Each structure stands twice: as structure tokens, then as C-alpha cells.
1. Assigning unit charges at the beta carbon (Lys, Arg +1; Asp, Glu -1) and nothing else, what dipole magnitude in debye, to the nearest 20, does the chain show about its Cα centre?
2. Give the Rg (one decimal place) followed by the Dmax (whole number) of region 144-217, computed from C-alpha coordinates and expressed in Å.
3. Loop only per DSSP, at most 15 neighbouring Cβ atoms within 10 Å: give me the GluC sites (Glu not before Pro) in region 3-76, ordered by residue number.
4. Specify the angular offset, from 0 to 90 degrees and rounded to the nearest 10, of the alpha carbon long axis of helix 39-49 from the longest principal axis of the alpha carbons in the chain.
5. What does the accessible area per residue of region 144-217 come to in Å², with a 1.4 Å probe and no ligands, DNA or RNA counted?
6. On the first, second and third principal axes, largest extent first, how far apart are the outermost C-alpha atoms of region 1-74 in Å?
7. On C-alpha positions alone, give me the angle between the axis of helix 110-122 and the longest principal axis of the chain, in degrees, nearest 10.
8. Out of the chymotrypsin sites (Phe, Trp or Tyr not before Pro) in region 59-101, which ones are loop residues according to DSSP with at most 16 other C-beta atoms within 10 Å?
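The values are calculated or read from the model by the stated rules, or taken from the named source; none is laboratory data. Treat the numbers as computed from the prediction; the structure is a model and nothing was measured. Cβ coordinates were reconstructed from backbone atoms using ideal geometry, including for glycine residues, and neighbour counts include every protein chain displayed. All accessible areas refer to the heavy atoms of the entire protein, side chains included, with ligands and DNA or RNA removed. Shrake-Rupley method; radii C 1.70, N 1.55, O 1.52, S 1.80 Å.
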Amino acid sequence: MGERIRVLVAEDQDLLRESLCELVSGTPDMVLVGQAGDGRAAVDAAHRLRPDVVLMDVRMPVMDGLEATRLICSSTAAKVLVLTTFDLDEYVYEALRVGATGFLLKNAGVPDVLHALRTVHRGDALLAPEVTRRVVAEFAARRTGPRERFDALTSREREVVAAIVRGLSNEEVAAELFLSRATVKTYLSRLFDKLGVRDRTQLVVLAYESGFVDELRR
């Protein structure tokens with residue numbers, strides 16, 4: 001077995017937090033590095049314990065999950081997976097804007113939770129892309145992003161962005177555009193730098209906010 005995924009569980013509800021901690025602790029390819037019951041404690045734990053993935057309740061006491069997510073994403077390498085009760089929630093959208101890689105409904109089953117943690121850790125594909133895109137599309141129209149960043153992209157880079165917006169994984173992008181997976185990773189790294197985003201999720205958010213998605217649909 002390779003290196004285990006280091007997980008920090010940040011959840012306000014005691015029973016759910018305990019359940020998630022037990023799930024992570026009992027999964028061979030994961031290790032529970034810590035837990036937190038409020039947003040400030042989650043930020044402190046993320047800096048101290050350096051998890052790979054933080055399971056973050058979107059609504060937390062002391063410091064809300066949005067601010068905690070922003071601080072963690074801006075100052076650590078941890079990926080944040082937001083836990084929420086409602087998928088169409090502007091709070092979730094804001095969390096995606098400030099750096100969360102994806103989100104998970106609190107009533108998700110065990111297989112979904114484990115799949116989400118592995119997916120977010122791998123950074124390979126958007127979590128639940130059809131739902132994530134729906135949330136982004138719902139709220140992004142209210143904002144205006146920097147359209148000029150997309151004007152500087154090459155035609156191939158625009159094709160890669162279009163594929164990512166549709167929720168394709170690296171393997172699927174490679175197959176569709178006749179590229180190697182390594183080349184797709186190179187394109188993504190270059191796109192993140194050019195567009196000033198942290199990961200695939202922020203790329204999709206920016207594509208909607210800037211109107212680039214509307215251009216793709218024409």
C-alpha cells in the first residue's frame with residue numbers, strides 16, 4: 001500500500017464528527033490526523049497537522065466554514081472537501097470560490113464519502129461534477145470574473161478548459177483530445193498559472209463567472 005491519505009475532520013455535530021472519524025480510522029488507505037468542532041480549531045489543526053484533505057462543515061461555530069476554508073486553502077497545501085446539508089447553497093458556492101475542491105452532502109453513504117476523499121486527494125476530477133456545475137451555474141451569473149485571462153489562452157488550452165468544465169477526468173480529457181495523461185497534467189498546471197486559480201474547481205468557477213462557458217455554448 002502507498003502512503004495513506006491524511007484526513008482532518010472538521011464538523012460541528014458531535015455524532016456526525018465521531019462517525020466520520022471512525023470511518024476514516026477504519027479505512028486502510030487513510031489515517032485520521034485530527035478533528036475539530038469549530039472553524040478556528042480547524043484552521044489551527046490544519047496548520048499544525050498538515051492534512052492532505054480537510055472534511056469541512058460549511059456552517060461552523062466560532063469561525064464559519066467559509067472563512068476557515070479560505071484560510072486553509074490560502075496558507076496550506078491541504079485540499080478542502082465541504083460538507084453541506086443542501087447542495088444548492090450560496091454558502092457552498094462561496095466555499096468553492098475561495099478554494100474548496102468540492103462538496104459532499106451530509107447524507108452521503110460510506111462509499112460516496114470514501115470516493116470523495118480519494119478523488120479530492122488525487123486532484124484528478126471534480127467531485128460530483130454534475131452537481132458542482134449546477135451550483136456554480138446557479139450563483140456565478142451574479143458575479144463578473146476577469147474575462148481577459150481567457151483571451152490569452154491558446155486554442156488547445158481552451159479545448160482543455162472546455163473539457164474540464166464538462167467534468168472530464170484527466171484520462172477522459174487525454175482520450176478526447178488525443179493527448180497523453182502527462183500532457184494533460186502539464187496543460188492543467190499551465191492553465192492554473194495563467195488563470196490564477198488553485199485547482200480544477202476554481203477553474204470551473206472562473207469559467208462561469210467570466211462568461212467563458214456561455215461562449216463555449218454558442
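1. Values: 30 positive and 33 negative charges, 146 e Å.
Using Cβ point charges on Lys, Arg, Asp and Glu, the chain gives about 700 debye.
2. Over region 144-217's Cα set, Rg and Dmax evaluate to 11.3, 34 Å.
3. Details: sites: GLU3, GLU11, GLU18, GLU22, GLU67; in loops: GLU3, GLU11.
Answer in residue order: GLU3.
4. Around 90 degrees separate the two axes.
5. On the way: 3440 Å² over 74 residues.
Per-residue value: 46 Å².
6. Here the spans come out as 37, 28, 16 Å, largest first.
7. The two axes meet at around 60 degrees.
8. Working: sites: PHE86, TYR91, TYR93; in loops: PHE86.
Passing both the DSSP loop test and the Cβ count: PHE86.
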